[in-house]
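Novice: Here it is, the structure, as structure tokens.
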Amino acid sequence: MDEHLLTVAEIQSLNNKGAFPILSRIQAGAAALNAGTSYNIKKTDYADVYATSDVHADLKKLHYLLSQAGLVSGQEFVEVSSIMNGIASGGIEWIKPKTLFVIVGDIVDGAREDSVIEDSIGNIEALLHAYLYNLRIKARSVGSEIRFTLGNHDWHSVILEKEDSSGLYSSYVHQKAKDFFGTYNKRRSWLLPFYEACPYIFISVDNEVAFVHGGMHSKTYNGKFIANNKNELMRLQSAIDGSGNFNPVLLNVNDSKYLGCDEPSRCKSEGWRTGSPLWSRFYAEGSAADVCAQISKPENTYRFTVVGHCQTEPGNFPHHDEIMARPEYKSCNCGGLVLIGCPNVVTGPRLAFVDIGMSSCFRDGNWDSESERRAEFLHLKHNSDKAVTERYYNIIIREKIRPDIEPILVWEAPSISGGRRRTKRMRIKRRRTEKRRPKARKF
């Protein structure tokens, strides 16, 4: 795979307006990265899974968080130029083996009103995707993998063939980026090859973990009923796996409108299906009782669902506030936390929100100097000394990013050692050993 890594010169070419000089290289790399892969990942391939979401064009913060979490080297690289030189020249490497890292949508679109965007040229989105592309190849060399799924921003401002009426491109793409790329279509032609190297709207780890930007459930237009989007997601993603890209599948009218329909009432009035998995906010806006009732139904075979799309700030969403009222969250009434929903002491929680508000457009200052944010990653871990039962990932952690804050254990399965299972096994082994042991000789 190393032959597909982008070089320093090729990354520097992303500074130039006009043609995309490394298009063929990205396409060749995409074919290699996608060969033999599927949206459904085997859980035994990775001992650790980390997740976050909603990067929103903040390359510097993403690299900082990855390095602080001990996933990549190069903590000393703090400026965009040094980060990109490091990812191309070998100064930045993926260092944690047998690990899956998932970004649950919204790589692009960092502009917000009065936001601070550290992008003087306008090419930060192209550089961010190049960083992830190279890092993914580096991760493969140690048996790890990096994936990102589509978010509503990626869908509306990159995947669609032309700018639509959602307003995401006009409102959320930074003006510097618009000036740099020139037009919607030129920006799309630069960024789309990176998405075709990672063509996922939905990722699952066997039947245990599902990653989707908004959610697999949503309210219908009248707000009283819940639609399950699992079958639609699997149908679309299976078709993408078969074609290797988005165009033949997701750009037909029906599927395009389904994924892009944001308001149930408007979807109904225009005659489109409701319940876009990229736009749904039911998990955050619904009550804990309603959300957990739906997500725990037998037809939802996934034991744990991980979503982004809803920034985890106090006061933003009712379900978030319910979670943050629990004792384990009261010590920090702040943003940047991984929120765990639908807890169960015996079988483990069923839901996680991982939109930590990463981009600088949501705040002032730097992660390492902010006292009112935690900046956590979700971390799922397999430990062979713990009982597996229904969960292969039998330890769940809110992984600290700031050096002065320890990781927070969310849930762990019972330990095998010292338990009834071990005692019974030891008794059987002892009886067998005694049968084989020769009797003591009498003198």
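Novice: Residues in segment 42-62: is at least one touching a strand residue (DSSP E or B) at 6+ places or on another chain (Cβ under 7 Å), over 27 Å from Gly336 (Cβ atoms) and not polar (S, T, N, Q)?
Specialist: yes
Novice: Next question, about the same structure. With the requirement that a residue be over 19 Å from Gln68 (Cα atoms) and modelled with pLDDT of 90 or more, what does segment 364-413 give you?
Specialist: Result: His382, Asn383, Tyr392, Tyr393, Asn394, Ile395, Val410, Trp411, Glu412.
Novice: Related question: Hey, does segment 91-107 have a residue that's assigned to a helix (DSSP H, G or I) and surrounded by fewer than 24 Cβ atoms within 10 Å (Cβ to Cβ)?
Specialist: Scanning segment 91-107, I find no residue that is assigned to a helix (DSSP H, G or I) and surrounded by fewer than 24 Cβ atoms within 10 Å (Cβ to Cβ), so the answer is no.
Novice: Next up: Does any residue in segment 186-206 that is at positive phi come within less than 6 Å, Cβ to Cβ, of a residue that is in a helix (DSSP H, G or I) six or more places away or on a different chain, and which pairs are these?
Specialist: Hits for this filter: Asp206/Lys43.
Novice: State the number of residues belonging to segment 108-161 that are more than 17 Å from Phe180 (Cα to Cα), surrounded by fewer than 21 Cβ atoms within 10 Å (Cβ to Cβ) and of a type in the set (S, T, N, Q).
Specialist: 2
Novice: So which residues in segment 248-275 are surrounded by fewer than 16 Cβ atoms within 10 Å (Cβ to Cβ), closer than 30 Å to Pro193 by Cα and free of Cβ contacts under 8 Å to residues at least 40 places away in the same chain?
Specialist: Passing the criteria: Pro248, Asn252, Val253, Asn254, Glu263.
Novice: Confirm whether Ile240 is more than 16 Å from the chain's Cα centre (by Cα), β-branched (Val, Ile, Thr) and either closer than 23 Å to Glu390 by Cα or at pLDDT below 85 (or both).
Specialist: Answer is no for this residue.
Novice: Output yes when any residue across segment 67-77 is part of a helix (DSSP H, G or I) and at pLDDT 90 or above, and no when none is.
Specialist: For segment 67-77, residues part of a helix (DSSP H, G or I) and at pLDDT 90 or above: present.
Novice: With (1) within 21 Å of the chain's Cα centre (by Cα); (2) farther than 27 Å from Arg112 by Cα; (3) crowded, with 22+ Cβ neighbours inside 10 Å as the list, and Leu65 as the residue in question, which single condition is left unmet?
Specialist: Leu65 satisfies every listed condition except (2).
Novice: In segment 260-290, how many are within 20 Å of Gly308 (Cα to Cα) and modelled with pLDDT under 90?
Specialist: Counting residues in segment 260-290 that are within 20 Å of Gly308 (Cα to Cα) and modelled with pLDDT under 90 gives 8.
Novice: Go through Gly122, Gly36 for me and flag whichever is at positive phi and within 23 Å of the chain's Cα centre (by Cα).
Specialist: One residue alone meets the criteria, Gly36.
Novice: Looking at segment 375-399, I want the residues that are assigned to a strand (DSSP E or B) and have a partner that is surrounded by fewer than 22 Cβ atoms within 10 Å (Cβ to Cβ) and among the acidic types (Asp, Glu) with Cβ atoms under 8 Å, at least 6 apart or on another chain. Which pairs are those?
Specialist: Matching pairs, first to second residue: His379/Asp48; Leu380/Asp48; Lys381/Asp48; Lys386/Glu412; Ile395/Glu412; Ile396/Glu412.
Novice: Those residues that are under 16 Å from Ile92 (Cα atoms), outside any loop (DSSP other than H, G, I, E, B) and among the polar types (S, T, N, Q), I need them from segment 118-159; list them, please.
Specialist: Matches in segment 118-159: Asn134 only.
Novice: Turning to a different aspect of this structure: If you check Leu236, Leu278, which single one turns out to be over 26 Å from Phe377 (Cβ atoms) and touching a residue at least 24 places away in the same chain (Cβ under 8 Å)?
Specialist: Leu236
Novice: Here is a list: Thr44, Thr99. Which entry is within 30 Å of Asp385 (Cβ to Cβ) and over 17 Å from the mean Cα position of the chain (by Cα)?
Specialist: Thr44
Novice: Give segment 13-30 a look and list any residue that's free of Cβ contacts under 8 Å to residues at least 24 places away in the same chain and not in a loop (DSSP other than H, G, I, E, B), or say none.
Specialist: Once the filter is applied, which keeps residues that are free of Cβ contacts under 8 Å to residues at least 24 places away in the same chain and not in a loop (DSSP other than H, G, I, E, B), segment 13-30 yields Ser13, Ser24, Arg25.
Novice: Could you grab me the full set of residues in segment 28-59 that are closer than 24 Å to Ile124 by Cα, surrounded by fewer than 23 Cβ atoms within 10 Å (Cβ to Cβ) and in contact with a helix residue (DSSP H, G or I) (Cβ under 6 Å, 6 or more places away or on another chain)?
Specialist: Within segment 28-59, just Ala30 meets the criteria.
The values are calculated or read from the model by the stated rules, or taken from the named source; none is laboratory data. Here the structure is a predicted model, which is why all the values come from computation and not from measurement. Note that each Cβ is placed from the backbone with ideal geometry, even for glycine, and that neighbours are counted across all protein chains shown.
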